[in-house]
Amino acid sequence: MTRALTYSAYKDGLAKGVLRGLRCNSCREHILPPTAACPKCGGSDLKVADFSPRGKITTFTVVRVAAAGFQPPFVVAMVELDQGPWIMGTVKRIQPEAAAMGLIGRRVSVGSERTAADPYSGGEGVSLTFELEGK
Amino acid sequence: MRKVYVLGAGMTPFGVSEKTSMEMFAEASFAACEDSGLAPKEIQALFVGNVLGDFEEGQINMAPFLAAEMGLSSEVPAVRIENACASSTVAIRNAALLVASGVYDVVLVGGTERTTVMGTPLATRTFAMGSHCRYEEPTGITFPGIFGMAAHLYANKYSIPLDTLKRQMALVAVKNHHNGSKNPLAHFRKEITVETVLGSFMVADPLQLYDCCPFSDGAAALILAAGARFRPRGKKPVVISGVGQASAGSMCLQKDVTRSRAREASVRQAYRMAGIGPEDVDVCELHDCFTIAEILATEGLGFFEFGKGGEAVEHGETSLKGRIPVNPSGGLKAKGHPIGATGAAQAYEIVKQLRGECGDRQVGGATVGLVDTLGGEFGTVCNLVFSR
């Protein structure tokens with residue numbers, strides 16, 4: 001089989017401002033992060049699709065003790081995209097003190113940023129970023 | 001399938017060790033051999049759980065060195081198993097199945113880890129490797145962060161005010177420190193209060209320092225055996241009566257991790273194999289890497305309804321004298337969490353509990369015990385049922 005969406009192609013998409021994911025041709029599931037087979041039905045007939053970069057926060061944390069290479073504090077959240085998949089990223093333009101339960105359910109737009117390489121990261125990476133919409 | 005006996009169990013103290021991972025494993029293994037009455041030369045295979053030996057001491061392929069360390073015959077296959085924090089539970093499951101199926105009669109299985117030599121920044125970085133390296137790790141998410149997100153999900157899903165949940169979580173830490181104070185091998189042997197937890201610094205909201213298990217060093221090992229030559233002494237020897245293991249993808253793919261599908265599948269396998277249900281479990285050692293993790297586990301294992309695990313702690317149902325005593329050893333929280341050794345140490349505690357050898361922390365009359373170990377961000381769950 002040919003892999004429908006590699007990490008490299010996913011990363012290139014983000015660099016162009018496009019959030020690429022997968023659609024299962026068997027059960028219509030939207031899939032992100034990309035996999036080789038559909039997590040729902042196991043089918044491997046998947047095609048690349050551009051996803052709407054919008055969704056809502058389902059949960060979050062404030063990382064205050066960070067791994068080597070990261071500058072705390074910062075807010076990490078899970079977002080449920082409008083098309084269904086859950087993704088992980090960092091919430092931008094927010095004071096850590098403002099990160100409370102009220103964040104859950106807030107709508108966000110999704111962007112990305114490159115992340116620095118460390119000896120274990122297999123080169124430079126990319127991380128999704130979230131900006132709160134509305135007030 | 002043959003009946004798999006636990007002939008012996010051994011464990012080092014947990015905490016900060018001057019000994020190397022291999023030295024600790026040998027210490028636990030010789031203790032297990034001594035406990036079993038078998039000489040190491042009877043051992044036919046060795047399985048060791050170890051997660052980060054590469055980063056801690058620059059050691060890969062540790063298993064054959066351990067076989068040599070133990071003076072085992074060169075006929076003995078020696079294998080390191082890595083499933084994050086569930087590594088040695090998985091090692092025990094694999095060893096038990098190989099003994100049950102007749103491939104080996106006597107196996108040495110355990111785990112070892114020396115996390116503290118890494119220091120907190122590298123330890124935090126390497127523990128985060130349990131998340132997806134491409135789609136999650138670059139966010140800077142940490143292990144406490146994963147469980148902080150689980151806690152917020154839980155509070156929101158069941159409409160529990162965060163302050164209420166945090167107090168319930170603190171009570172998990174208070175209970176496990178109480179139990180740990182009675183365990184001479186525990187990393188922390190001091191009682192704490194709810195105020196200790198709620199007054200400690202924030203690690204990853206809403207988890208404070210005392211919601212988190214420590215980085216620890218230690219090792220634990222079991223001797224498993226079957227066959228006519230290896231009947232243990234005593235009328236009611238401990239056997240492994242059920243095992244289960246299941247898998248899940250990244251936290252993103254799992255979505256709502258307040259229900260771990262891997263745990264529910266794994267424990268179902270283990271209960272079915274043992275012919276029991278959650279109501280039959282007398283004592284449980286489960287994966288309390290963070291206080292919220294214990295609450296989630298007690299629900300996933302079937303002890304309490306979903307969303308009610310926190311209330312159960314408030315009512316003392318998981319305390320030593322409660323309906324289902326959870327983590328009598330002190331758990332990962334107080335006994336410590338040398339990740340590769342954790343599952344073997346949980347098994348050690350259950351074996352000792354079923355034999356009635358736990359002194360002040362003994363659960364009276366326990367005949368069925370459950371081990372639950374989580375690896376990574378709910379990616380691997382492995383369960384073992386012990387009975388006598």
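The values are calculated or read from the model by the stated rules, or taken from the named source; none is laboratory data. Please read these numbers as outputs of a predicted model, since none were measured by experiment. All Cβ positions, even for glycine, are placed from backbone atoms using ideal geometry, and neighbour counts span all protein chains on display.
Listed by position, the strands (runs of 3 or more DSSP E) enclosed by region A:3-85 that each have at least 1 residues that are within 18 Å of the chain's Cα centre (by Cα) and more than 30 Å from B:PRO144 (Cα to Cα) are A:19-24, A:46-51. Taken together, the residues in region B:123-154 that are farther than 19 Å from B:GLY340 by Cβ, among the hydrophobic types (A, V, I, L, M, F, W, C) and either surrounded by fewer than 22 Cβ atoms within 10 Å (Cβ to Cβ) or facing another protein chain (nearest Cβ under 7 Å) (or both) amount to 4.
Pairs linking a residue in region A:119-135 that is part of a loop (DSSP other than H, G, I, E, B) to a residue that is among the β-branched types (Val, Ile, Thr), with Cβ atoms under 7 Å and 6 or more positions apart or on different chains, are A:GLU124/A:THR115; A:GLU133/A:VAL108.
Quick one: is A:CYS41 in contact with a Ser or Thr (Cβ under 6 Å, 6 or more places away or on another chain) and either surrounded by fewer than 18 Cβ atoms within 10 Å (Cβ to Cβ) or among the polar types (S, T, N, Q) (or both)? Taking the combined requirement at face value, the residue satisfies it. Would you mind stating whether A:SER112 is closer than 29 Å to A:HIS30 by Cα and within 8 Å of another protein chain (Cβ to nearest Cβ)? Criteria not met by A:SER112. The set of residues in region A:52-100 being charged (D, E, K, R), within 9 Å of chain B (Cβ to nearest Cβ) and under 30 Å from A:HIS30 (Cβ atoms) consists of A:GLU80 alone. Scanning region B:201-210 for residues that are under 17 Å from B:ALA293 (Cβ atoms), within 12 Å of chain A (Cβ to nearest Cβ) and buried (at least 17 other Cβ atoms within 10 Å of the Cβ) gives B:VAL203, B:ALA204, B:ASP205, B:PRO206, B:LEU207, B:GLN208. Determine which single condition B:MET62 fails, assuming it passes every other condition in (1) within 14 Å of chain A (Cβ to nearest Cβ); (2) in contact with a helix residue (DSSP H, G or I) (Cβ under 8 Å, 6 or more places away or on another chain). Just one mismatch for B:MET62, condition (1). Checking region B:231-250 against the condition returns no match, with no residue being touching a Pro at 6+ places or on another chain (Cβ under 8 Å), aliphatic (A, V, I, L, M) and surrounded by fewer than 22 Cβ atoms within 10 Å (Cβ to Cβ).
Determine whether region B:57-74 contains at least one residue that is under 17 Å from the mean Cα position of the chain (by Cα), in a helix (DSSP H, G or I) and at pLDDT 95 or above. Scanning region B:57-74 turns up no residue that is under 17 Å from the mean Cα position of the chain (by Cα), in a helix (DSSP H, G or I) and at pLDDT 95 or above. Sort out which residues of region B:79-117 are part of a strand (DSSP E or B) and over 22 Å from B:SER17 (Cβ atoms), and write them in order of number. Within region B:79-117, B:VAL79, B:ASN83, B:VAL106, B:VAL107 qualify.
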